[in-house]
Every structure is written in C-alpha cells, then in structure tokens.
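J.: One structure is given below, represented as structure tokens, and several questions about it will come after.
The values are calculated or read from the model by the stated rules, or taken from the named source; none is laboratory data. Just so you know, these numbers come straight off a predicted model, no measurement behind them. Neighbour counts are summed over all protein chains in view; Cβ atoms, including those assigned to glycine, are modelled from backbone coordinates with ideal geometry. Ligands, DNA and RNA are excluded from the accessible area calculation, which covers all protein heavy atoms including side chains. Shrake-Rupley method; radii C 1.70, N 1.55, O 1.52, S 1.80 Å.
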Amino acid sequence: RAVAIKLAELTGAVVILGSATPDVETFYLAQRGIYRLLQLPKRIVPSEGAPLPRVEVVDLKDELKAGNRSIFSRSLAQATAEAVANREQVILFLNRRGGATFVQCRRCGFVLRCRRCEVTLTQHFTKDILVCHQCNYKAPIPQSCPRCLSRQIKFLGIGTQKLEQEASLAFSQGRLLRWDSDITRRKGSHGEILGKFRAHQADILIGTQMVAKGLDLPLVTLVGVVSADTSLNLPDFRAGERTFQLLSQVAGRAGRGTLGGKVIIQTFSPEHYAIQAAAKHDYASLYDREITYRRQLHNPPFTQLALLAYSHTNDALCQREAEKMRDRLTTERDAKGIASLNLIGPAPAFIHRLRGRFYWQLILRGTELSTFLSQISFPQGWTIDIDPISIL
C-alpha cells in the first residue's frame, strides 16, 4: 500500500484503497480530508435489504463452568449439526495450523522447543512429527521427556489439524475440507479446495485466515470462530484492530445467499471492545476507541515509529550492541534538542532467537525519523524498518 501511494505520488496517478475494515491510520487521513472518503453502506447480496449475519458471542468461561470441555461450545455444536442436517455449509475458522501447538511433560513441565528458534514445536498429524513454524525444523515425537525421562507427555493447544479431527468425531454426518498452508503447498491446490467446497462436495470447511478473504459462497449459513483470542493478546498496539479486521472478514462469509446467516464467536474475552465491535459490525466504534488510545499513548497516526533490530549468534554481544546504539541515539537526540523523539528499549524481540540468531530491538517514536536516522551510520547486523507493519 505504501509503495502504491508513493508510486502514484511520483507519477500523478490516482490510488483507490478499498476495504470494509480500513486501517486506523488510513481512516484517520480520510477523516482529516487528506484522503477522499467514499462509502458503500449497503452489502451486495442476492435479495435487496438482506441484513448482515447475526453474531453470537460465546463466553468460553461459562462453557467450562457448565462442564463443557469440548472445542465446540454448546451453541456452535448445535448450530453446526443443524446446518449440516439442512444441507447447508459451515466454515470453522481457527488462525493456527497444525495439531497440538505445544508438547509438555506433565511431570517436570519441560516444553519441547526448536533447537534454532525460541519457539515451541507444533505437532503435525499427517507425518506424526513436531515442526517449527519459523524455520521448518522437524523432529520425531519423543516417547519420554528428554529432561526427566517421564512418559507423561501431554499434547496441548489446538491447530486446524486437531480441529479437523475433533470436527470429524463431533459431526460424523458432515463431509470435511481443510484449507491451510500445510495442505496448499501444491500448485493449484487453493482453487481445487475452493472448487470442491463451492460444488458442495463438502459441508464443513476448516481453515486459517485463507477462509476469511472475500469468498462468495451462497450456501454458507454458519461461520464459527473457534478462538477469537489467538491474535487478541499479542504485544502489539495494533492487536485489537487486527483482531477486529479478521473477525469482520470471516463473519462476512456467512449469509451471502438467500438463506441468511449466523456467526458464532468463541472467546475468553467477550467484553473486549474489538470483539464487541465485530459482533455489531460496527467499525465506527472500533475506530473511536482505537484513535482515543493512539492519541493517549502517542502511537501512529499521531507519531511515526521506526523498528531497529540487531541480530547476532551471541546473545550477550547482541544485547551490548543494542545498548550501545541506544546510548548513541540518545546522545544524538539530545545534541539536536529533539524533545519529541522517544526511545523504547532495547529489549529482546518477540521471538528472541530465530534460525540460530538472537534478536534485540529498539523502537523510535517521533516525527521525521528517516531524516534523523539517515545521519547515523549503523554497523553490520542492524536492520531498520520505518513505519513497521508489526512491532513483534
């Protein structure tokens, strides 16, 4: 998007940005008149005036209190069974692939992690192996704990493969399809899966965010969000906005035909403003809350961010280099009297070790960051990202 806007600026072209869930920064510019806002308030549906799908938010804490330990809430289980019985179609959305998301020893608490990355290994059913989702390192599933030799190995968490397994048991009458990056490595596989589902060769489509994009499937009357919390609690100031966007997009797959539709969102945080806004199809309330927080915390669009990351195979050296750069940037800022420039960190990156290298990062917050940083020479090992898409 940024490249398209810059290219249009250089060539005198017109850019049209289209989204049902625009970024907060983009909408802010439209509100200020820097962008021209064109609104399409009505949904394109077969019958005039067809409403957006009804959304039900299920509190998973209440399900646990009621003794339901299934992946599916009682409401989602009943609605899915009814849709399958009525020859309608269902989309079950979970933005995490694989089987169990981590493997833990129940005796000593040891968790199996990648040898090159500081992330847990994910179980994959198809080849019965553990896989690192960062570097693709693969390892066999151990029969006993590598630390204490206990055989009390427990598979915890849930990905799309586990969801598919549970759905096949819970809805034995339904024909299932799974759509995630594990199953679409072959050329043409995306179109093949979509074609099968559109031809009603399956009743339930299980998938990651691939199923959230602009698919028009008239027979889909139910969308179930198995866990809305996957992206909600990430340490990124855009986490609420991104969760709302994803939920709104996947909710839009329901009720696009004459049969109408329903969405069921399962969450442990039903009171969160992003989930409440998604349940009401209310972008305006999401924007109002987000822009207030951004103003209070001096985050974009009121300031600019730059993410500076240093990587090395030695963690202690990596930390020292990051601290030296912080001191240098602080000295430079103070010498130029730029009071509005803030430095955050250094701190270990969200994934501290990746493919055998450690990462430490600094975040700069202010204005005209490119001008400030262009006058500083950075040693080898540093990467600089102005206006980062994510600060993770």
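J.: Could you pull out every residue, at least 5 positions away or on a different chain, whose amide H is within less than 5 Å of the one on Leu92? Hs are placed 1.01 Å off N in the peptide plane, and Pro or chain starts have none.
T.: Correct list: Leu205, Ile206, Gly207, Gly224.
J.: Taking the full set of protein chains and a 1.4 angstrom probe, give the accessible area of Thr292 in square angstrom, rounded to the nearest 10.
T.: Its heavy atoms expose roughly 60 Å² to the probe.
J.: Let me spell out the model: positive unit charges on the Cβ of Lys and Arg, negative unit charges on the Cβ of Asp and Glu, origin at the Cα centre of the range 212-339. What dipole size does that give, in debye rounded to 20? All intermediate terms of the calculation are to be shown ahead of the outcome.
T.: Details: 16 positive and 14 negative charges, 56 e Å.
Taking the Cα centre of the range 212-339 as origin, the dipole is about 260 debye.
J.: Compare Arg295, Arg253, Arg43, Arg151 by solvent-accessible area with a 1.4 Å probe and give them largest first, with all protein chains kept in place.
T.: Order by accessible area, largest first: Arg151, Arg295, Arg43, Arg253.
J.: In square angstrom, rounded to the nearest 10, how much accessible surface does Tyr293 have for a 1.4 Å probe?
T.: We get 80 Å² for Tyr293.
J.: Where a ≥ b ≥ c are the square roots of the eigenvalues of the C-alpha gyration tensor, would you call the chain rounded, which needs a/c under 1.5, or, failing that, prolate if a/b is larger than b/c, or oblate?
T.: oblate
J.: May I pose another question? Hey, which lysines would be in cross-link range of Lys196, C-alpha to C-alpha under 23 Å, not counting anything within fewer than 8 residues on its own chain?
T.: Lys162, Lys187, Lys213, Lys262
J.: A further question follows. Going by accessible area, probe 1.4 Å, with all protein chains left in place, what is the ranking of Ser377, Ser231, largest first? Don't skip to the end; give the middle numbers.
T.: Values: Ser377 75, Ser231 30 Å².
Final ranking, largest accessible area leading: Ser377, Ser231.
J.: For a quick check of your reading of the filter: which GluC sites (Glu not before Pro) in the range 6-103 sit in a DSSP loop and have no more than 14 other Cβ atoms within 10 Å? Could the numbers behind the result be given before it?
T.: On the way: sites: Glu9, Glu25, Glu48, Glu56, Glu63, Glu82, Glu88; in loops: Glu48, Glu88.
Those satisfying the criteria are Glu48.
J.: Now, a different point. How big is the accessible area of Lys61 in square angstrom, nearest 10, if you roll a 1.4 angstrom probe over the protein chains?
T.: 80 Å²
J.: On a 1.4 Å probe surface of the protein chains, which of Thr330, Thr208 comes out largest in accessible area, and what is the full order?
T.: If we order Thr330, Thr208 from most to least accessible, we get Thr330, Thr208.
J.: I've got another one for you. Run the accessible area of the chain with a 1.4 Å probe and give the carbon-and-sulfur part as a rounded percent.
T.: Solvent-exposed carbon and sulfur of the chain make up 51 percent of the total.
J.: Further question on the same structure: Report the gain in length on full extension from Arg32 to Val14: 0.36 nm times residue separation, minus Cα-Cα distance, nm rounded to one decimal.
T.: Difference between extended and current length: 4.6 nm.
J.: How would the range 1-142 be classified by its alpha-carbon gyration tensor: rounded, prolate or oblate, with rounded meaning a/c under 1.5 and the a/b versus b/c comparison settling the rest?
T.: Since a/c reaches 1.5 but b/c is at least a/b, the shape of the range 1-142 is classed as oblate.
J.: In the chain, what percentage of the DSSP-assigned beta bridges are antiparallel, given to the nearest 5?
T.: 60 percent
J.: About the Cα centre, and with charges only on the beta carbon of Lys, Arg (+1) and Asp, Glu (-1), how big is the dipole of the range 275-317? Nearest 20 debye, please.
T.: It works out to roughly 140 debye.
J.: What residues from the range 304-334 fall in the zone where the backbone N is under 14 Å from a label point 7 Å along the Cα-to-C-beta line of Arg355?
T.: 311-313
J.: Based on the alpha-carbon gyration tensor of the range 192-263 and its eigenvalue square roots a ≥ b ≥ c, which shape applies: rounded if a/c is under 1.5, prolate if not and a/b is larger than b/c, or oblate? Before the final figure, lay out each step's value.
T.: Details: a/c = 2.62, a/b = 1.98, b/c = 1.32.
Cα axes put the range 192-263 in the prolate bin.
J.: Probe of 1.4 angstrom, ligands and nucleic acids ignored: what's the accessible area per residue over the chain, in square angstrom?
T.: Values: 20830 Å² over 392 residues.
Solvent-accessible surface per residue comes out at 53 Å².
J.: GluC sites (Glu not before Pro), restricted to the range 240-322: which are DSSP loop and have at most 13 other Cβ atoms within 10 Å?
T.: Glu271
J.: So, one more: Evaluate E = 1/(1 + (r/R0)^6) for Ser75 and Ser150, where r is the Cβ-Cβ distance and R0 equals 35 Å; express this FRET efficiency to the nearest 0.05.
T.: 0.35
J.: Still on this structure, I have one more. Relative to the Cα centre, what is the charge dipole magnitude of the range 69-187, using +1 at the beta carbon of each Lys and Arg, -1 at the beta carbon of each Asp and Glu, and rounding to the nearest 20 debye?
T.: Dipole about the Cα centre, nearest 20: 520 debye.
J.: Taking a Cβ-Cβ separation under 4.7 Å as the criterion for a possible partner, which cysteines of the chain have none?
T.: Cys135, Cys318
J.: Kindly provide the helix-only [θ] at 222 nm of the chain, computed as the sum of -39,500 (n - 2.57) over DSSP H runs of four or more divided by all residues, to the nearest 500 deg cm²/dmol?
T.: Rounded to the nearest 500, it is -9000 deg cm²/dmol.
J.: Something else now. To the nearest Å, what is the center-to-center distance of the range 206-260 and the range 54-75, using C-alpha atoms only?
T.: 18 Å
J.: Moving to a separate point now. Expressed as a whole number of Å, what is the distance separating the alpha-carbon centroids of the range 289-341 and the range 137-159?
T.: The range 137-159 and the range 289-341 have Cα centres separated by 39 Å.
J.: Report the Cα-based extents of the range 139-295 along its three principal axes, largest first, to the nearest Å.
T.: Projected onto the principal axes, the Cα atoms of the range 139-295 cover 54, 44, 31 Å.
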